[in-house]
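A quick write-up on the structure given underneath.
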Amino acid sequence: MNSGPFGFLGAVVLAAGVAFAGWQVGTGFFEGRKAERYVTVKGLAERDVTADLAMWRLRYTAAGSDLTQVQAEIDGNTDTIREFLMSRGVKAEEISLERLEVTDLLAQAYRSGGIGQARYIIAQNLLLRTTNVQLVDELGRDTGELVRRGVVLADLGGPTYSFNGLNAIKPELIAQATAAARTGAQEFADNSGSKLGGILRANQGVIVIRPRDNTGGVSQESQLEKTVRVVATVDYSLSD
């Protein structure tokens, strides 16, 4: 085998290339390991808010053997409810009638026995939709007045309240949650003897509206006062 000067030079170049490639791989691995140094923290921000929209669905029924008389009773109940609501400050345009349901007991295919004096049952739904949430909260505690006036109300769970101002407060809540996350990350860095770097990844998470008074079994829709919660998950880089 010829081992002349050109053969020797080629071997030197090849060895240098292998060594350089090995150094590059080692450097890349080191940089990759450095890039893995980060801390994941969560930041929480909460704000108490008051609902800005109330909806109250009232369902009332009447029954009897004469359909015309039953319908007349329902119409009278509708007038009574309207008068009750408007006398307390509700506007006419905030009240709307929904579907009317008529049941003929004699038309029930699987019914057995007599029907007594109530062949027909009519149910009417009326919806109150308003931004005057405080007024609805008061009215919801005073339905006994309608009962005293002869209106037979079905239990639909009372008024419901929603908060539609989320977009106005969301940026500030996210900023607060992110600041809280950085405070936690800084504490971790200090305890581990590291320097805190910039944000690598951030996840806003889900914005949740909860009842302010969590008494168990109570939905936020049934409470006038609510709490908006934002949790931000952030990855911060660490260095020596």
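Data overview
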| item | result |
| --- | --- |
| Candidates D48, D79, filtered to the one that is modelled with pLDDT of 95 or more, surrounded by fewer than 16 Cβ atoms within 10 Å (Cβ to Cβ), under 30 Å from I207 (Cα atoms) and not aromatic (F, W, Y) | D48 |
| Pairs, first within 16 Å of N125 (Cβ to Cβ) in the range 68-93, second surrounded by fewer than 13 Cβ atoms within 10 Å (Cβ to Cβ) and hydrophobic (A, V, I, L, M, F, W, C), C-beta under 8 Å, six or more apart | I74/L100; T78/L97; R82/A92 |
| Residues located in the range 178-202, provided they are among the small types (G, A, S) and out of contact with any strand residue (DSSP E or B) (no Cβ under 9 Å at 6 or more places or on another chain) | G193 |
| Selection from the range 51-91 of residues that are part of a helix (DSSP H, G or I) and within 29 Å of K226 (Cβ to Cβ) | I81, F84, L85, M86 |
| Index of the failed condition, L135 passing every other in (1) under 15 Å from the mean Cα position of the chain (by Cα); (2) of a type in the set (A, V, I, L, M, F, W, C); (3) part of a helix (DSSP H, G or I) | (1) |
| Residues that are out of contact with any Asp or Glu (no Cβ under 7 Å at 6 or more places or on another chain), under 11 Å from T160 (Cα atoms) and of a type in the set (A, V, I, L, M), drawn from the range 127-142 | V136 |
| Test for T160: is it among the hydroxyl-bearing types (S, T, Y), open to solvent by less than 30 Å² (accessible area, probe 1.4 Å) and more than 30 Å from S237 (Cα to Cα) | no |
| Filtered residue count, the range 105-140, keeping only those that are modelled with pLDDT under 85 and open to solvent by 60 Å² or more (accessible area, probe 1.4 Å) | 11 |
| Total residues in the range 94-106, condition among the aliphatic types (A, V, I, L, M) and touching a residue at least 24 places away in the same chain (Cβ under 8 Å) | 4 |
| Residue in the range 139-157 that is within 20 Å of the chain's Cα centre (by Cα) and not in a helix (DSSP H, G or I) present | yes |
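The values are calculated or read from the model by the stated rules, or taken from the named source; none is laboratory data. Keep in mind that this is a model prediction, so the values were computed, not measured. Positions of Cβ are generated from backbone atoms using ideal geometry, with glycine treated the same way; all protein chains shown enter the neighbour counts. Side chains included, ligands, DNA and RNA excluded: accessible areas come from the protein's heavy atoms. Shrake-Rupley method; radii C 1.70, N 1.55, O 1.52, S 1.80 Å.
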